[in-house]
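Enquirer: Below you'll find the structure I mean.
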Amino acid sequence: MTRNDKIALREAEEALIRIQEDLENRVEQRTRQLTFEIEERKEAEKTARYQQERAEEYLAIAGTLIVGLDIDGNVKLINPQACKKLGYDENELIGKNWFSIVVPEETRDELISIHSSMVSGACETVDNHENELLTKS
């Protein structure tokens, strides 16, 4: 092996060592970044669980009927007080259309219209609207 070959080989080895060190640094940096992101996500999930538990506690102790509907009027959440007053178990209402189950036929179209206006953004809120509800019995 000539002297030039030895020099070229040593330079190639040194270049490989630099490349390996660079890759190791990149892997270490990315690992730190991923570890930070994982910890951030864990903290966010912990906060979300806490907030969900608090919301569920508030729903459970609220002395009024609380019902959450999706854009089609299907029940997404309902508190125990509402179930008790209406005579239904939660699982009998979740996923079902609120208007077809508990709203009397004579006021159904009006309430569906109000709901549609709110979900579409045509009106922000309804200050006050009272109507009768049908119980299970």
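The values are calculated or read from the model by the stated rules, or taken from the named source; none is laboratory data. Given the structure is predicted, the values throughout are model-derived calculations rather than measurements. FYI the Cβ positions are ideal-geometry reconstructions off the backbone, even for glycines, and counts take in every protein chain you see. Note: areas computed on protein heavy atoms with side chains; ligands, DNA, RNA excluded. Shrake-Rupley method; radii C 1.70, N 1.55, O 1.52, S 1.80 Å.
Residue by residue, here is whether (1) within 30 Å of E132 (Cα to Cα); (2) in contact (Cβ under 8 Å) with a residue 40 or more places away in the chain; (3) of a type in the set (D, E, K, R) holds:
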| site | (1), (2), (3) |
| --- | --- |
| T2 | no, no, no |
| A12 | no, no, no |
| Q20 | no, no, no |
| E28 | no, no, yes |
| T35 | no, no, no |
| E40 | no, no, yes |
| I61 | yes, no, no |
| T64 | yes, no, no |
| V75 | yes, no, no |
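Enquirer: Confirm whether R30 is closer than 22 Å to P80 by Cα and surrounded by 10 or more Cβ atoms within 10 Å (Cβ to Cβ).
Expert: The answer is no for R30.
Enquirer: I need the full set of residues from region 66-87 which are open to solvent by 40 Å² or more (accessible area, probe 1.4 Å) and more than 23 Å from the chain's Cα centre (by Cα), in order please.
Expert: Within region 66-87, Q81, K84, K85, G87 meet the criteria.
Enquirer: List the residue pairs whose Cβ atoms are under 6 Å apart, where the first residue sits in region 87-108 and is without any contact (Cβ under 8 Å) to a residue 40 or more places away in the chain and under 15 Å from V67 (Cβ atoms), the second is open to solvent by less than 60 Å² (accessible area, probe 1.4 Å) and among the small types (G, A, S), and the two are 6 or more positions apart or on different chains.
Expert: Partner pairs satisfying both residue conditions: N97/G73; W98/G73; F99/G73.
Enquirer: Among the residues of region 102-118, is there at least one that is part of a helix (DSSP H, G or I), touching a helix residue (DSSP H, G or I) at 6+ places or on another chain (Cβ under 9 Å), of a type in the set (G, A, S) and under 19 Å from E132 (Cα atoms)?
Expert: No, region 102-118 has no match at all.
Enquirer: Can you tell me which residue within region 90-137, out of those that are acidic (D, E) and within 27 Å of the chain's Cα centre (by Cα), is most open to solvent (accessible area, probe 1.4 Å)?
Expert: Looking only at region 90-137, we keep the residues that are acidic (D, E), and these are 90, 92, 105-106, 109-110, 124, 127, 130, 132.
Now restrict to residues that are within 27 Å of the chain's Cα centre (by Cα): 90, 92, 124.
Numbers: E90: 101, E92: 62, E124: 167 Å².
Here the answer is E124.
Enquirer: Considering region 54-65 alone, what residues qualify as being in a helix (DSSP H, G or I), open to solvent by less than 100 Å² (accessible area, probe 1.4 Å) and either among the β-branched types (V, I, T) or touching a helix residue (DSSP H, G or I) at 6+ places or on another chain (Cβ under 9 Å) (or both)?
Expert: L59, A60 - these are the residues of region 54-65 that are in a helix (DSSP H, G or I), open to solvent by less than 100 Å² (accessible area, probe 1.4 Å) and either among the β-branched types (V, I, T) or touching a helix residue (DSSP H, G or I) at 6+ places or on another chain (Cβ under 9 Å) (or both).
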